[in-house]
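To start, the structure itself, in structure tokens.
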Amino acid sequence: MRRWDEAISRPLHSLRGGPWDYALALPGVMFGSYGMPGTVLALGLWLGAGFAVLVVAGALATVAVTGPLKVLLNRPRPEPLLERRVRLRSLVSNPAFPSGDSAQAAMVTTLLVLEGPFDDGRRWLFAPLVPLCMFSRVYYAAHWVGDTVAGAAIGIGVGVLYAHWLGALA
């Protein structure tokens, strides 16, 4: 399984994006430990304090799942890519599996889709945040594809549970 995951990930690691190095930086950091406080603040200002509290609760639960799994499974990250203009990979050193950023992106997006104040199809406009985050994490060699898929699955699960348990906060 690991060889398959690395075989799929390596072509993404070897992409030469030029301007994409900058364009993918935001989705690559907005759900991580450096960017998540700003993401929560922006959501709180836009959608209200109740939604921000819901996101914080979901974020803490997501870390409670992904953190121990990282330590238990201890999967090494890919080698850093020195040719990237943005050195996102240098911001992380903990184990790779599962991707916490992808988990947070999926959790936030799930809450936006299920609990956001949108009565029409606009709620689905947030769905591309998840694959954008996943792709950027692999593109910058912070993760393998499997790390991001597992992280997204965890985030969707936490988002669904928290929407069900605490959705009244939003």
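None of the figures in this text is laboratory data; all of them are computed from the coordinates on show. None of these values were measured; they are calculated from a predicted model. We place every Cβ from the backbone using ideal geometry, glycine too, and count neighbours over all the protein chains shown.
Data overview
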item	result
Helix-only mean residue ellipticity at 222 nm for the chain, each DSSP H run of n ≥ 4 adding -39500 (n - 2.57), per residue, nearest 500	-20000 deg cm²/dmol
Centroid-to-centroid separation of region 92-117 and region 18-34 [C-alpha atoms, Å]	14
Residues PHE126, PHE118 arranged by fewest to most Cβ contacts within 10 Å	PHE118, PHE126
Of LEU111, LEU125, MET30, farthest towards positive along the dipole that unit charges on Lys, Arg, Asp, Glu beta carbons give the chain	MET30
Fewest-first sequence of ILE156, ILE8 by Cβ atoms within 10 Å of each Cβ	ILE8, ILE156
Net charge, ARG10 excluded, C-beta distance under 12 Å - Lys, Arg +1, Asp, Glu -1	-2
Degrees separating the helix 36-47 axis from the principal Cα axis of the chain, which is the longest one	30
Distant alpha-carbon pairs in the chain (separation over 27 angstrom), percent	24
In nm, spacing of pseudo-spin labels at LEU161 and GLU6 (7 Å Cα→C-beta vector)	3.2
Inter-site label distance for LEU73 and TRP46 at 7 Å from Cα along Cβ, in nm	2.9
Only Lys, Arg (+1) and Asp, Glu (-1) charged, at Cβ; region 2-169 dipole about Cα centre in debye	520
